[in-house]
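Peer 1: If you scroll down you'll find the structure; I have some questions about it.
FYI, it's all coordinate maths here, none of it is from the lab. Keep in mind that what you see is a predicted model, and the values were worked out from it rather than measured. Positions of Cβ are backbone-derived with ideal geometry, glycine not excepted, and every protein chain shown enters the neighbour counts.
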Amino acid sequence: MLAPLLAFLQAQPSGLTEHKVTNMFNPMTTPAKAEFNMGMLEFAITGAIFAVVAGLLIYTMIRFRRRPNDDSRQEPPQIYGSNQIEAAWTVIPILIVFVIAGVSARTVWGVEDASPPSNAVQVSVVGHQFWWEVHYPGYNITTANEIHVPVSRNRERATYFTLKSTDVIHSLWIPELGGKTDLIPNRVNHTWIDPSTPGIFWGNCTEFCGAQHANMLIQVVVQEPADFDKWVAEQQQAQAIPAEISTGQKRFQISGCWACHAVKGTRFNGKVGPDLTHLMSRRQLGSGVLDNTPANLKDWIVNPQQSKPGCLMPASKMTGQNLDDLVAYLETLK
Ligand SMILES: [Cu+2]
């Protein structure tokens, strides 16, 4: 009953259902399903062990409880050692550990070491305090915090991730699409997804990485292949150099924004912060803290520490015409 209502409330103008409230009990890719099934198997095994141990404990507490007025009662005979029972309670746990270890190893390797089909979409994600740098080496695209991928059926155009970090350990978790995989400095990790339905899936950094760890959100936009190809074509465009440099663009330069931000097609090539070439195509600012609206963009530039205290972009304290010019320029970055 609730499902259609939720779907209605979550429906986006783009027609994509948004899964902002994440749900790890709703796996939607092959790896997520494998991990979910593994979790359920381990939950069942440990649940059964818990039931047996707790059952025996409760039985013993009741059966052998102290009865002050019952001195004549016959205690059951003590048993000193039993090779059969001791062998059983040694061997059975070993078998259980083998089953759990075997299933876990198979699942982890199936996700980490899967070899991509030739038409896979390769996405390289680099963790930063506190945002996600996203590259598509095959398409020559750089973006941030919002990963677009095509719907994949039978692993056709499945998405393969290469995960790295520039500073500390981060961890990628998009609950509907797959389990956590760490992004570790000086190490490369892999995972993959083959989402079967379009939608916008939210995720989070799940390895504590500093002050704004909880605001290091990420979105995966799963699109029909044709829509994804359209997005790729748009992102591949560099910004055209206008005949006359706008005052806003000058402001971007004078204020030193380019020291940290790149705009493809211009000389701005900073690498410390997110690539801004297609800033306006993104739904959010500051990896999920603000909706990408002109008013929020202004607030962010004046003082990002207001909405994301401790983030690594300094306040510009810019006001008046300078601010308006700069925002007008950023709004051309479609
Ligand atoms: Cu992080």
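Peer 1: Checking the cross-link filter: which lysines have an alpha carbon closer than 21 Å to that of K264, excluding same-chain neighbours under 8 positions apart?
Peer 2: K230, K250, K334
Peer 1: While we're looking at this one, here's another question. For the chain, give the share of DSSP beta bridges that are antiparallel, in percent and rounded to the nearest 5; count only bridges with both residues there.
Peer 2: Taking every DSSP beta bridge with both residues in the chain, the antiparallel ones total about 65 percent.
Peer 1: May I ask for the equivalent-ellipsoid semi-axes of the chain, computed as the square root of five times each C-alpha gyration tensor eigenvalue and listed largest first in whole Å?
Peer 2: The three semi-axes for the chain are 53, 23, 19 Å.
Peer 1: Over segment 247-330, what is the relative contact order in percent, taking alpha-carbon pairs closer than 8 angstrom and at least six residues apart?
Peer 2: Relative contact order of segment 247-330: 29 percent.
Peer 1: Given Cα positions, please report Rg to Rh for segment 247-330, the hydrodynamic radius being the Kirkwood one.
Peer 2: 0.92
Peer 1: How are the alpha carbon pair distances in segment 192-307 distributed across 5 Å bins from zero to the largest one, expressed in percent?
Peer 2: The calculated distribution, bin by bin, is 2, 9, 15, 20, 21, 16, 11, 5, 2, 0.
Peer 1: Give me the one-decimal nm value for the distance between modelled label points at D229 and E244, 7 Å along each residue's Cα-to-Cβ direction.
Peer 2: It is 4.1 nm.
Peer 1: Now, a different point. How much length, in nm to one decimal, is gained on full extension between M24 and F208, taken as 0.36 nm per residue of separation minus their Cα-Cα distance?
Peer 2: 64.3 nm
Peer 1: Check which residues have an amide H placed less than 5 Å from S165's amide H, if you skip close sequence neighbours.
Peer 2: HN-HN under 5 Å from S165: G127, I184, N186, R187.
Peer 1: Within 10 Å, count the other beta carbons around each residue, average over each peptide in 291-301, 117-127, 92-102, and list them highest first.
Peer 2: Put in order of decreasing packing, that is 117-127, 291-301, 92-102.
Peer 1: For segment 210-275, what are the per-bin percents of Cα-Cα distances with bins 5 Å wide, up to the bin holding the maximum?
Peer 2: 4, 12, 15, 17, 16, 16, 13, 5, 1
Peer 1: Once you place label points 7 Å from the Cα toward the Cβ at A51 and V99, how far apart are they in nm?
Peer 2: Taking the simple label geometry, A51 and V99 are separated by 1.3 nm.
Peer 1: Which residue, W258, W173, W109, has the most motion in a Gaussian network model of the chain that connects Cα atoms within less than 10 Å?
Peer 2: Top of the fluctuation ranking is W109.
Peer 1: So for the pair E156, D113, with labels modelled 7 Å out along Cα→Cβ, what separation do we get in nm?
Peer 2: For E156 paired with D113, the spin-label model returns 3.0 nm.
Peer 1: Could you size up the charge dipole of segment 155-290 around its Cα centre, putting +1 on the beta carbon of Lys and Arg and -1 on that of Asp and Glu, and report it in debye to the nearest 20?
Peer 2: 460 debye
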